[in-house]
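Quick one: structure below, then a few questions.
The values are calculated or read from the model by the stated rules, or taken from the named source; none is laboratory data. Quick caveat: nothing in here was measured; it's all calculated off a predicted structure. Reconstructed Cβ throughout: ideal geometry from the backbone, glycine too, with neighbour counts over all protein chains shown.
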Amino acid sequence: MNLLNSRINLAALAKEKKDAYQNAEPFPNIVLHDFFNEEILNEIVNEFPDLSKKSEVIQYDNHNEKKLATKGETNFGEMTRLLAHFLNSQPILAFLQELTGIEETLIPDPYFEGGGYHEIKPGGLLKIHADFNKNRLTKLDRRINLLVYLNKEWEESYGGHFELWDKDMTTSRKKILPLFNTVAIFSTTDFSYHGHPNPLTCPPDRSRRSLALYYYSNGRPASEINKGIEEHGTLFKNRVGVKKDIKEEATTGSIIKEFVPPIVIKVLKKILR
């Protein structure tokens, strides 16, 4: 069974697109259309459940993010599981290695930590941010996001654009409508700011659906790290000129980090392991 569009040759595509990917603004990225076998992706759309009615789902509901995401493979349908496993396999890893030019060996995430099905309902959003940089389970460094959009007959007026922002948070340099069989791939660093910052305006019977895969390595270039916060969760960023854009969520962890020297935190982590 060929999961890819029959016209796709991964090795040739990676060589053809690697310069465009690596030199893209505001950070390395690419958008690919009609990447998968349409019949297969139709089945995956049909399998996609209403995540608000499922167990083993993470619900984010705060000022900065209103979305739903699965935990592991629990809610995957048969065809979705097949595609997700393929996206974690050697041919895709080799494709991504060539496309991105990342020197460290890429490693998939069979646990789908933070990945899997993502769904945003009307009014939902995901403010501009840089992603968590370490896998909670493996402690590997997050390097690439691959997003598969599953929204048929999606109109521009519905919103839900995936936006890539410059480092100064002054301008959205790329906006991608989350259309069916569109794939967005980008390199994740502490400075690759992206998101879906404006509330979704689709009809009440629709939602913005996607499948997310993340790829890791053991170590990464120092230039990709925000010194002083070598291990962090999602880093939300204010857009310049947008009032009350993000809200700092005060947590016990953030308060401790603000007042306790980093060396003390490292010692405590070692003791508690």
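Please state which of the following conditions Gly159 fails to meet, knowing it meets all the rest: (1) in contact with a Cys (Cβ under 9 Å, 6 or more places away or on another chain); (2) at pLDDT below 95.
(2)
Can you tell me which of (1) of a type in the set (A, V, I, L, M, F, W, C); (2) outside any strand (DSSP E or B); (3) within 26 Å of Glu47 (Cβ to Cβ) is the one Leu126 doesn't meet?
(2)
Each row is one residue, and each column tells you yes or no for (1) among the acidic types (Asp, Glu); (2) touching a helix residue (DSSP H, G or I) at 6+ places or on another chain (Cβ under 6 Å).
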site: Leu137; (1), (2): no, no
site: Arg142; (1), (2): no, no
site: Glu155; (1), (2): yes, no
site: Leu164; (1), (2): no, no
site: Asn181; (1), (2): no, yes
site: Ile185; (1), (2): no, no
site: Thr189; (1), (2): no, yes
site: Ala212; (1), (2): no, no
site: Ser223; (1), (2): no, no
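Which of (1) at pLDDT 95 or above; (2) not in a loop (DSSP other than H, G, I, E, B) is the odd one out, the single condition Pro203 does not satisfy?
Of everything listed in (1) at pLDDT 95 or above; (2) not in a loop (DSSP other than H, G, I, E, B), Pro203 misses just condition (2).
While we're here: Test Ser172 against the stated conditions and say whether it is buried (at least 17 other Cβ atoms within 10 Å of the Cβ), over 21 Å from Tyr117 (Cα atoms) and in contact with a strand residue (DSSP E or B) (Cβ under 6 Å, 6 or more places away or on another chain).
Criteria met by Ser172.
For the structure I just gave you, tell me whether Lys121 is farther than 23 Å from Asp190 by Cα, in contact with a helix residue (DSSP H, G or I) (Cβ under 9 Å, 6 or more places away or on another chain) and among the charged types (D, E, K, R).
yes
Please go through segment 70-88 and give me each residue that is surrounded by fewer than 18 Cβ atoms within 10 Å (Cβ to Cβ) and among the β-branched types (Val, Ile, Thr), ordered by number.
Thr74 - this is the single residue of segment 70-88 that is surrounded by fewer than 18 Cβ atoms within 10 Å (Cβ to Cβ) and among the β-branched types (Val, Ile, Thr).
Looking only at segment 17-40, count how many residues are more than 18 Å from the chain's Cα centre (by Cα), part of a strand (DSSP E or B) and surrounded by fewer than 13 Cβ atoms within 10 Å (Cβ to Cβ).
Total satisfying the criteria: 0.
Right, something else. Say whether the condition of being modelled with pLDDT of 95 or more, surrounded by fewer than 17 Cβ atoms within 10 Å (Cβ to Cβ), among the hydrophobic types (A, V, I, L, M, F, W, C) and part of a helix (DSSP H, G or I) is met by at least one residue in segment 96-114.
No, segment 96-114 contains no residue that is modelled with pLDDT of 95 or more, surrounded by fewer than 17 Cβ atoms within 10 Å (Cβ to Cβ), among the hydrophobic types (A, V, I, L, M, F, W, C) and part of a helix (DSSP H, G or I).
Continuing with this model, one more query. Among what's in segment 60-76 and is in contact with a helix residue (DSSP H, G or I) (Cβ under 8 Å, 6 or more places away or on another chain) and part of a strand (DSSP E or B), pick the residue that is farthest from Gly114 (Cα to Cα).
Leu68
If you don't mind, there's one more thing I want to ask. Out of segment 156-188, which residues are farther than 20 Å from Val240 by Cβ and either without any contact (Cβ under 8 Å) to a residue 24 or more places away in the chain or of a type in the set (Ser, Thr, Tyr) (or both)?
Result: Glu156, Ser157, Tyr158, Leu177, Thr182, Ser187, Thr188.
Quick check: is even one residue across segment 41-63 of a type in the set (Val, Ile, Thr) and buried (at least 18 other Cβ atoms within 10 Å of the Cβ)?
The answer is yes, given that some residue of segment 41-63 is of a type in the set (Val, Ile, Thr) and buried (at least 18 other Cβ atoms within 10 Å of the Cβ).
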